[in-house]
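Quick notes on the structure that follows.
Derivation of every value follows stated rules applied to the coordinates shown; laboratory data play no part. All figures in this text were calculated on a predicted structure; none of them were measured in a lab. Please note: Cβ atoms are built from the backbone with ideal geometry, for glycine as well, and neighbour counts cover all protein chains shown.
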Amino acid sequence: MNTSVYIARRYLFSRKSTHAINIISGISTLGVFVGSAALIIILSGFNGMEDIIVKMYNNFTPQLKIEPKQGKTFNPNTTYFNTLHKNKALVSFTEVLEEHALVKYGDRQVISTLKGVSDEFLNNKALDSTLDGGAFVLKKDKQPFAVVGSIVQGNLSVNVKDSFTPLQIFTPSRAKSGSVIPIDEFKSRFIYPSGSFTMQRDFDDRVITPLDFARDLLDQPVNISAIELNFKPGTDIDAIQHEIKDNINTQFTVHNRSEQNTLLYKILHLEKASTFLILAFILIIAIFNIVGSLTMLVMDKQKDIAILASLGAAGRVIQGIFFVEGMLITLSGCIAGMVVGFIFSILQKYFGMIKMDVDMPFPVQFRITDFLLVFLTVTVIGSIASAISARISVKGLDEIKQDL
């Protein structure tokens with residue numbers, strides 16, 4: 001065994017002549033332990049919250065979305081799109097026609113986004129989990145129905161169980177623009193609400209209708225705004241995305257989920273990074289207690305240092321003793337903290353000790369990168385603190401030898 005490691009281990013577990021050194025060493029280890037455990041627990045909690053938020057968005061966000069680079073609409077009746085529609089990996093190939101519209105219900109009205117979708121939109125079974133009332137029905141006996149977001153429902157006080165009061169949707173008329181009578185510049189259609197959904201503000205201002213209803217209202221018999229694609233589990237979405245980009249011309253964009261919700265992912269990553277930096281700063285303060293602990297240990301072991309030097313031990317060996325001592329304190333606290341943090345998170349995941357709501361435990365999710373990041377952070381900071389303390393151990397070594 002290396003001499004520095006052997007002596008460092010003896011110093012770590014032996015009783016010191018000054019009891020305060022043991023106490024300070026224990027506090028240093030405890031600080032690293034608590035900081036490491038807190039980082040694992042909080043990062044796991046952030047992962048859990050991120051997964052929930054992303055899953056909620058994914059209920060409405062397609063895996064791939066094709067849109068025109070210029071203009072609002074395009075003709076989907078091309079050879080490639082027809083071939084793509086026959087891809088066996090597809091779960092849904094949804095043609096979408098979107099436009100802002102005025103929605104009126106009774107004596108109330110609100111500006112909303114009208115989203116007309118083709119029948120395959122309902123192949124997404126996750127839609128039912130977003131329902132706030134009623135049913136996710138867009139057609140019944142050839143009659144169109146609308147499903148409204150919670151913002152629209154709240155502003156209009158829509159009663160999805162009322163089969164006598166329809167929604168009236170207004171959009172600018174293409175045929176009568178420039179009319180002397182203002183109301184003639186708008187086209188309107190009636191449609192009954194079948195249900196309401198709640199997601200996030202980005203989606204809750206929408207009124208979802210059958211594509212045919214939107215085509216009639218918007219005077220768009222052929223063109224659409226976008227094509228939304230969802231695939232079977234296990235499909236390589238990145239490969240499909242690159243393949244589509246290679247086959248369609250530069251007039252279109254193909255975005256995956258993260259590209260469709262860029263701001264959301266940036267916010268989630270920024271929040272997690274900010275929290276990590278704050279906790280890491282607290283951990284730095286805790287780890288640098290090791291400097292004080294090792295400085296006192298150097299003072300306590302001056303006679304031992306002088307004896308080792310007299311026996312021919314180089315300054316590098318003496319520095320190595322106190323460097324290893326500092327790293328043992330750091331790593332023992334770090335590993336113990338990570339283990340306890342992992343155990344606590346496991347208990348939270350399976351027993352839900354901390355709850356967000358009465359029926360909903362706070363979510364946690366583990367990622368190996370978080371454990372590696374915490375270990376690397378603690379190791380680097382601990383190495384710096386231990387190196388500072390180790391340099392102190394050889395200062396005044398000649399005077400110590402003379403005193404001996």
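Brief remarks on what is shown
- Each label point was placed 7 Å from the Cα along the Cα-to-Cβ direction; for Ser188 and Arg108 their separation is 1.7 nm.
- Mean sequence separation of contacting Cα pairs (under 8 Å, at least six apart), scaled by the length of the stretch 49-122, corresponds to a relative contact order of 22 percent.
- For the stretch 38-112, the set of GluC sites (Glu not before Pro) satisfying both a DSSP loop assignment and a count of at most 16 other C-beta atoms within 10 Å is empty.
- Computed extension length for Ile335-Ala239: 30.6 nm, one decimal, from 0.36 nm per residue of separation with the Cα-Cα distance subtracted.
- Over 27 Å [Cα-Cα, the stretch 64-260], rounded percent: 33
- Sum of side-chain charges, Gly133 neighbourhood, beta-carbon under 14 Å (Lys, Arg +1; Asp, Glu -1): -3
- For Phe197, neighbours were defined as the other residues whose beta-carbon sits under 10 Å from its Cβ, and their charges (Lys and Arg +1, Asp and Glu -1) total -2.
- Simple spin-label estimate for Gln70 and Ile248 gives 1.7 nm between the two label positions (7 Å along the Cα-to-Cβ direction from each Cα).
- Residues Ile346 and Asn58, FRET efficiency given R0 of 35 Å [Cβ-Cβ distance, rounded to 0.05]: 0.85
- Potential extension, Phe362-Lys140 segment - 0.36 nm per residue separation minus Cα distance: 76.0 nm
- Cβ crowding within 10 Å averaged over residues, with 82-91, 366-375, 35-44 ranked highest first: 35-44, 366-375, 82-91
- For the stretch 348-378, the residues whose amide N sits under 16 Å from a probe point set 7 Å from the Cα of Ser129 along the beta carbon direction are 360-365.
- Fully extending the segment from Ser258 to Thr78 would add 62.1 nm, taking 0.36 nm per residue of separation and subtracting the current Cα-Cα distance.
- Burial ranking of peptide ranges 206-212, 67-73 (average Cβ count within 10 Å, highest at the top): 206-212, 67-73
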